[in-house]
Amino acid sequence: MQSIRNLTRFTYETPASQNFRIAVGSGPCLNTAMNPREEVSPRAHPSSLRVPQGILACLIAGSFVFIVAGPPVKAGIVAEVLRSVSDNAKLKRAESDLMVVSTCLEMYKLTGGGYPTTEQGLKALVEKPAVAPIPQQWARIMQKMPVDPWGHLYQYRFPGKKDPTKYELFSLGPDGVADTADDVRSDG
């Protein structure tokens with residue numbers, strides 16, 4: 001806020017020999033007339049207590065923007081929060097599905113003597129494998145092939161790339177591409 005000390009004082013003589021002091025300058029006190037008998041004091045001047053017009057205009061414009069643009073902005077924020085919640089829910093569902101499929105793979109191993117091969121895939125949990133090694137004892141463990149929250153079949157490798165004694169079970173994630181950063185994994 002501009003101080004009254006920065007304003008220039010002029011004295012104007014009237015026919016009645018009264019002095020009127022007029023503060024003229026730039027800022028919030030522009031063209032403010034004072035009482036002729038009032039002493040000029042920056043602390044006591046009533047215009048120093050006024051809200052500057054620039055701030056008032058900003059408040060009015062800000063309120064207008066908030067009222068007019070507020071609902072779309074709020075809707076955008078809510079949409080982003082819901083998208084985040086939805087993404088998190090899909091991630092948790094994929095992790096849960098992988099735990100269930102891992103349990104089914106362990107049951108297959110107990111029944112059939114080993115994990116299905118990469119070629120047999122997770123289909124070996126739904127149908128008896130047609131390619132070797134065909135287990136002597138086989139039982140359907142799952143009703144249908146598991147699908148991740150993004151609509152892709154879960155991926156399975158045995159032997160695994162990292163450790164040939166373990167299987168790799170994973171979701172392709174949102175991008176649908178294997179071996180990328182967004183894959184959800186459960187290595188057996």
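Points to keep in mind about this one:
- Evaluated at q = 0.14, 0.18, 0.22, 0.25 Å⁻¹, the base-10 log of the normalised Debye intensity for segment 93-187, with identical point scatterers placed on the Cα atoms, takes the values -0.47, -0.78, -1.13, -1.39.
- For the pair GLN136 and ALA178 in one chain, pulling the backbone fully straight at 0.36 nm per residue adds 11.9 nm over the alpha carbon distance.
- Close amide-amide hydrogen proximity is noted between LYS166 and GLY160, each under 5 Å apart and 5 or more residues distant or on a separate chain (H modeled in the peptide plane; Pro and chain starts excluded).
- Point-to-point label distance, HIS152-GLU127, nm (Cα→Cβ direction, 7 Å offset): 2.3 nm
- Simple label model, 7 Å out from Cα along Cβ direction - ALA89 to ILE67, nm: 3.6 nm
- Working note: Cα atoms of segment 112-160, range along each principal axis, descending, whole Å: 35, 25, 15.
Coordinate-derived values only; no laboratory data. Everything numeric in this text was worked out from a predicted model, so none of it was measured. Quick reminder, even Gly has a Cβ in these numbers, built from the backbone with ideal geometry, and neighbours come from all protein chains shown.
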